[in-house]
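Read through the structure below, which is laid out as structure tokens, and then see the notes.
The values are calculated or read from the model by the stated rules, or taken from the named source; none is laboratory data. Treat the numbers as computed from the prediction; the structure is a model and nothing was measured. Glycine gets a Cβ as well: all are built from the backbone with ideal geometry, and neighbour counts include every protein chain shown. To get the accessible areas, we keep the full protein, side chains included, count just its heavy atoms, and leave off ligands, DNA and RNA. Shrake-Rupley method; radii C 1.70, N 1.55, O 1.52, S 1.80 Å.
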Amino acid sequence: MTLTLAILVPLLPFLGALAGLASGRRAPGLVRPLAVLPTLASAVLAVLVLAKLGAKGHLDSATRLTPTGGLPISLSVHLDGIAVLLAVLVTVVATCVQIYSTAYLREDPRYPSYAALVSLFTAAMLLVVYSGDLIVLLVGWEVMGVCSYFLVGHHWERPDARSASIKAFLVTKLGDVPFLFGIFVLATDAGTFQIDGILGAAAAGRLHHATLAALLLLCGVAGKSAQFPLHTWLPDAMAGPTPVSALIHAATMVAAGVYLVARLEPVFLLSTAALVVLGIMAVITMIGSALCALAQDDLKRVLAYSTVGQLGYMAGALAVGDRDAALFHLLTHGAFKALLFLSAGVVIHAAHTNSLTAMSRMDGLRRRIPDAYATMGIGLASLAGLPPFSGFFSKDAVLTAAEHAANGDALTGGLGPAGNVPSWLGWTVLIGGLLTALLTAAYATRLWLLAFFPVRRPAAEGVVEVGAVAPTAAAVAALASDEPAGPVEPAAMVGPLWLLAVPSVALGLVGLWPHALPDWLDGVSLTPSSVTWPIATALALLGAGLAWLAWRRAAARVLAEAEADAAAAADPAPLLLGPLLQPSRNGFGVDALYDRAFVRPVLGAARLVSFLDREVVETYVQGAAGTPGLIGRVVRRAQNGNTQGYLSALAAGVVVLAVIVAVAQ
Amino acid sequence: MNLAAAPLDSTHGFLSPSGAEIVFVLVGLGVLGAALLTVTTKQLVHAALWLVVALGGLAIEYLLLTAEFIAWVQVLIYVGAVVVLVLFGLMLTRAPIGASPDADSGNRWLALGVALAAAATLVTLVVDAFRCTWIDLGTVAGSTKANGVSLFRYWVLPFEALSVLLLAALVGAIILSRREKKEP
Amino acid sequence: MHLVFPAVLAALLFCVGLYGVLARRNAVLMLMSVELMLNAVNLNLVAFDVWLRDTLHSGQALTLFTITVAAAEIGLGLAIVLLIFRNRGTADIDRVGRLTDGDEKADDDEKPGDQKADDEEMEGVG
């Protein structure tokens with residue numbers, strides 16, 4: 001029974017996608033039900049599975065369709081606490097996104113294919129979550145890659161969307177090739193593709209190439225979960241529609257990498273080298289992305305970099321051996337990041353721009369979209385890790401895990417030897433995490449202030465935020481003038497916001513309750529340790545305060561110079577970052593570096609190949625055709641049917657022969 | 001070369017030609033000139049007439065070589081019959097009266113080269129081979145009687161075969177040039 | 001008489017005839033040049049016969065045969081030329097390069113542009 005329900009969970013969105021693709025053009029009325037209902041049903045089913053399986057429940061079932069040679073590949077379902085929890089997250093977020101999209105993309109002519117692809121994306125993620133076989137998991141993994149390509153390139157009329165989709169596809173594939181080999185290495189050592197079998201082999205010490213396999217798998221994880229060397233696709237993927245960003249960032253694509261490492265955590269725990277690589281990668285990712293997020297002007301790019309940073313937290317937790325903390329953060333992050341993106345969609349919808357600078361000059365956003373204002377506040381508070389929002393608890397679980405690892409007793413939950421996690425790695429992750437907490441709070445505050453608190457010129461009406469300190473300035477930006485009260489956002493857009501706001505606030509408390517969440521996971525306590533949480537909270541408050549102060553100073557300066565420079569924004573980032581501003585805004589030049597290191601050589605090589613093909617190879621081809629043609633033409637001249645020509649040649653030959661004979665004698 | 005040694009005596013001086021030799025050379029030059037005009041003139045009918053001159057000159061050369069029967073046959077058949085035939089041919093193919101500028105084909109320069117090369121080779125070889133050879137013209141070598149005797153005594157069979165050939169050529173020429181009746 | 005004189009005359013006459021055969025456009029003129037070549041051979045035959053004093057008079061007998069054959073040849077040749085002229089409307093030897101039986105009109109019309117068209121065709125292939 002549970003099995004049937006579990007199989008239906010990924011199957012329903014898949015069938016919905018097929019039906020949507022098949023009927024989208026012919027029956028436009030069916031598109032919306034076909035998009036929402038299967039996802040909704042599968043969300044209900046996922047909750048049912050969760051309830052039926054119960055804490056610490058396990059369900060494994062496999063059926064083999066056909067013999068596949070040496071290593072059997074089977075369609076198998078592996079349900080445990082992690083899988084069912086994540087399935088609930090995926091389906092809930094996907095449902096919210098689908099409902100939200102019905103309103104957000106109401107006028108879009110390509111909505112049917114969009115909705116079908118979102119369903120397919122969801123189905124693929126659910127396949128990854130439920131699969132008990134690495135090859136089947138890989139299928140879902142790659143289908144997600146394709147779906148992200150299509151969805152990021154949804155507005156394919158725009159060149160940036162096209163290049164972003166290609167970039168997303170290529171960068172994730174770049175990681176997927178070593179990933180595939182990592183799966184092969186694992187399966188060769190364990191003799192099976194079954195995750196259970198692999199974990200059993202890891203426990204029995206039969207994995208002889210754990211480090212190699214773990215490092216290869218890490219490449220794929222870095223690609224999918226946008227970790228440091230391969231993170232560049234995620235900010236660019238903002239070219240897609242906002243609900244897609246929510247789906248990719250919260251529940252599906254990027255969660256897959258973390259989920260996979262969590263599933264195979266015992267394998268990673270066998271190899272100190274892999275853990276170190278993962279940890280260093282995570283720390284670089286979180287600090288770098290937080291700095292980038294602080295400097296971005298595009299609302300969605302800020303959120304994208306914040307996703308990269310939060311994924312860094314999860315990777316850091318995995319690196320110090322605590323997958324419970326990672327999954328806890330994955331769940332809460334899924335909730336508040338989906339919330340953030342969806343509310344950002346509302347904001348962008350209302351402001352008609354992505355730019356924070358433009359928003360900072362825009363009046364009345366708060367009044368026009370009160371729901372988005374409130375829910376985005378919740379999401380940002382959760383992101384910044386302010387108590388008692390969910391992000392606080394999960395982030396602190398990560399920091400606690402790092403602290404334990406730094407003290408030499410990593411919280412591995414019995415999955416592997418704690419001694420394999422070096423204590424300096426724990427320190428690194430801890431310090432990186434704390435620093436990131438500061439930065440995260442800073443950029444969350446900056447985003448909040450810039451988006452919703454316009455710098456008012458004194459001449460403008462009403463509430464004076466910062467304007468009290470400003471001299472009288474007549475300059476009123478055109479955008480700041482009174483706009484008619486914007487369109488009331490439809491319920492289909494607002495409803496999901498509040499639906500997601502609930503877990504964003506409350507999910508963290510579940511972690512406190514010792515028999516709720518930990519029982520579904522490995523039973524490691526998720527309660528914040530008394531050492532880290534005051535420090536983290538203090539740092540977060542400090543970051544927020546610094547951002548606020550910087551914002552005030554920037555605003556004051558803007559007002560002072562308003563007449564000189566009407567386009568200036570009250571952006572606190574220059575003050576906070578100083579000389580780091582420009583590199584941060586450019587993503588620390590990683591893209592430029594890749595451009596120089598890979599793109600240009602490849603383009604050069606392509607040009608060379610094209611040159612060789614056109615000028616050299618084709619010359620041979622042309623020559624092969626031309627030479628016989630030329631010879632033919634010459635020879636044909638001789639065969640012109642003119643008897644006198646023939647006779648001349650004949651006579652000349654006779655003369656030559658005669659001369660030869662005469663001379664020879 | 002060994003044949004050349006036979007009639008070698010001191011009576012023949014290289015630079016003291018006899019009267020017959022002088023006449024031969026003069027007539028030969030005329031023949032050659034007429035032949036050149038035959039192959040170069042732009043007027044087709046003139047070419048046939050220059051051919052008459054060349055062939056007639058050759059008949060004189062035969063006489064000088066004491067082959068009188070051949071000479072007369074030459075006059076009769078070539079000058080009399082062949083040239084008339086050629087003239088008929090020209091007229092029947094509607095050869096233009098007067099100069100025709102395209103009498104020579106584009107092959108001309110190649111032809112000239114080949115001909116000059118052939119001439120150089122042949123003359124070199126012939127002069128080299130027969131530098132010191134003289135013909136004894138003391139007795140008539142080609143009288144009608146002598147020719148008739150040899151022809152009907154030793155060459156009867158080829159002679160008869162030739163008559164058959166002539167007949168065949170006659171029949172062939174008639175069939176070739178006969179206008180076929182139009183099929184109804 | 002010096003043998004070189006008739007021999008050289010024959011050689012030169014032959015070459016003049018050769019030139020005529022190769023260079024003349026009109027088929028009748030070609031035949032005339034052939035006659036010149038045959039006469040050069042005849043002159044050689046007679047000269048060598050006189051020089052060698054052959055008892056069979058083979059040189060002069062062969063000369064007679066040659067003259068006869070030449071007569072037959074010119075008769076047949078002219079008949080052929082006539083036939084060509086009647087079929088193709090021309091007796092120019094470089095205009096009858098085609099071996100087909102085709103009608104003379106098409107051949108005539110086609111000839112001037114023929115080479116060029118073929119060249120273009122070759123360009124297209126190249």
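Just a few scattered comments:
- The convex hull defined by the C-alpha atoms of region B:143-184 has an orientation-averaged projected area of 4.0 nm².
- Coil-residue trypsin sites (Lys or Arg not before Pro) of region B:119-174, DSSP, other Cβ within 10 Å capped at 16: B:R131
- Label separation (B:S143 vs A:L603): 10.9 nm, computed from points 7 Å beyond Cα along the C-beta direction.
- Length-normalised contact order of chain A in % [C-alpha pairs under 8 Å, at least 6 apart]: 12
- Accessible-area ranking of A:H352, A:H231, A:H329, largest first, probe 1.4 Å: A:H352, A:H231, A:H329
- Scalar couplings 3J(HN,Hα) for region B:36-42, obtained by applying the Karplus form with A = 6.51, B = -1.76, C = 1.60 to θ = phi - 60°, are 4, 4, 4, 8, 10, 5, 7 Hz; x denotes Gly and Pro.
- For A:D80, the accessible area of its heavy atoms, probed at 1.4 Å with every protein chain present, is near 20 square angstrom.
- P(r) tail for region A:590-664: Cα pairs beyond 19 Å make up 69% of the total.
- Size descriptors for chain A: radius of gyration and Dmax over Cα atoms are 31.1, 125 Å.
- The mean number of Cβ atoms from other chains found within 10 Å of a Cβ in peptide B:44-56 is 3, as a whole number.
- Under-5 Å amide H pairs with B:Q43, H placed in peptide plane, nonlocal only: B:S100
- Cα-Cα over 27 Å, subset of A:K300/A:K395; A:K173/A:K337; A:K52/A:K224: A:K52/A:K224
- Counting Cβ atoms of other protein chains within 10 Å of each residue's Cβ and taking the mean over peptide A:653-660 gives 4.
- Sorted on the mean count of surrounding Cβ atoms within 10 Å across their residues, most packed first, peptides A:146-157, A:35-46, B:164-175, A:303-314 read A:303-314, A:35-46, A:146-157, B:164-175.
- Solvent-accessible surface (1.4 angstrom probe) belonging to B:K42, in square angstrom, nearest 10: 80
- Each pair of Cα atoms in chain B enters the Kirkwood radius, and Stokes-Einstein at 25 °C and 0.890 mPa s then converts it into a translational diffusion coefficient of 120 µm²/s.
- Inter-site label distance for B:A129 and A:L65 at 7 Å from Cα along Cβ, in nm: 9.5
- Mean Cα-pair separation over length for region B:3-137, i.e. relative contact order, pairs under 8 Å, 6 or more apart, %: 33
- Stokes-Einstein diffusion coefficient of region A:582-624, Kirkwood radius over Cα pairs, 4 °C, 1.567 mPa s, in µm²/s: 105
- Heavy atoms of chains B and C lose about 7100 Å² of accessible surface on contact, summed over both sides with a 1.4 Å probe.
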